[in-house]
């Protein structure tokens with residue numbers, strides 16, 4: 001080992017000389033006493049990372065501080081709202097009538113629309129729902145209604161009232177005075193009016209395309225309670241003739257088959273009790289107005 005010797009008297013008394021380190025040697029300091037004193041140098045402490053390397057960690061972050069991670073929570077799926085109920089058993093009204101007419105278009109409802117949500121309508125809705133993979137509740141919710149509307153068309157007035165009961169049309173102005181059988185082809189109704197006031201209204205049907213019922217203003221010229229047609233050999237009870245062989249009368253065929261049939265030009269009445277009452281009130285000479 002190579003050393004450095006400093007002799008007494010080479011430096012001023014009381015001075016301390018710091019000697020540079022020589023590679024591989026211990027440095028010494030010389031005090032005024034002339035005895036060399038060893039200089040102790042504390043070794044540099046290095047930290048060993050988990051991966052075996054000295055110095056700072058590979059992440060570049062201070063040792064001992066854990067790395068923070070941020071993660072967003074996974075959102076929970078939002079449940080779909082339950083379909084809203086639109087119509088249910090026991091309800092009545094125009095939308096129930098439309099429901100029945102639409103179901104009838106696609107052969108799920110075989111009766112005439114009644115505007116009453118009864119057991120037959122409930123069964124028809126259940127059948128429709130089951131066929132389309134919907135819950136068989138029997139109530140008409142928004143999903144069921146949208147599916148039905150997408151498969152059908154808007155019902156006509158006559159489909160909505162295939163069994164009759166169409167609200168009477170606005171009376172023709174010729175019906176507003178006197179005693180009048182006011183007959184509307186548009187609403188398929190006969191309204192018995194006295195001095196502009198409706199006394200009773202009933203369903204009627206008319207002649208076919210080839211034997212149409214005549215339009216116009218007429219008068220009752222003959223009444224025949226048990227009349228039988230000599231031309232067609234058919235019964236015409238409570239007949240009230242107003243234009244040639246055309247008359248207002250009861251029709252058992254109309255009562256049985258509804259609007260699936262037609263007359264030979266007469267005005268057929270469906271309700272026998274109503275026309276029996278009308279026949280008793282009408283007099284010869286009373287007006288008959290047939291209008292579209």
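Before moving on, here are some points about what is shown:
- Test: residue 75 is modelled with pLDDT under 55 and part of a loop (DSSP other than H, G, I, E, B): no
- Residue that is farthest from the chain's Cα centre (by Cα), among those in the range 195-221 that are part of a strand (DSSP E or B) and farther than 26 Å from residue 163 by Cβ: 219
- Residue within the range 153-171 that is surrounded by fewer than 16 Cβ atoms within 10 Å (Cβ to Cβ), modelled with pLDDT of 95 or more and over 22 Å from residue 111 (Cα atoms) present: yes
- Of everything listed in (1) at pLDDT 95 or above; (2) surrounded by fewer than 22 Cβ atoms within 10 Å (Cβ to Cβ); (3) within 23 Å of residue 164 (Cα to Cα), the single unmet condition for residue 224 is (3).
- Taking the listed residues 285, 265, the one that is surrounded by fewer than 15 Cβ atoms within 10 Å (Cβ to Cβ), in contact with a strand residue (DSSP E or B) (Cβ under 6 Å, 6 or more places away or on another chain), part of a loop (DSSP other than H, G, I, E, B) and modelled with pLDDT of 95 or more is 285, with no other qualifying.
- The one condition in (1) free of Cβ contacts under 8 Å to residues at least 24 places away in the same chain; (2) under 21 Å from residue 113 (Cα atoms) that residue 173 fails to fulfil: (2)
- Highlighted here are the helices (runs of 4 or more DSSP H) found entirely within the range 81-187 that include at least 2 residues which are farther than 18 Å from residue 203 by Cβ, over 15 Å from the mean Cα position of the chain (by Cα) and not assigned by TED's automatic domain parsing to the domain that holds residue 262: 94-105, 119-131.
The values are calculated or read from the model by the stated rules, or taken from the named source; none is laboratory data. Worth saying up front: this structure is predicted, and the values here are computed from it rather than measured. Glycine also receives a Cβ, built like all others from the backbone with ideal geometry; neighbour counts cover every protein chain displayed.
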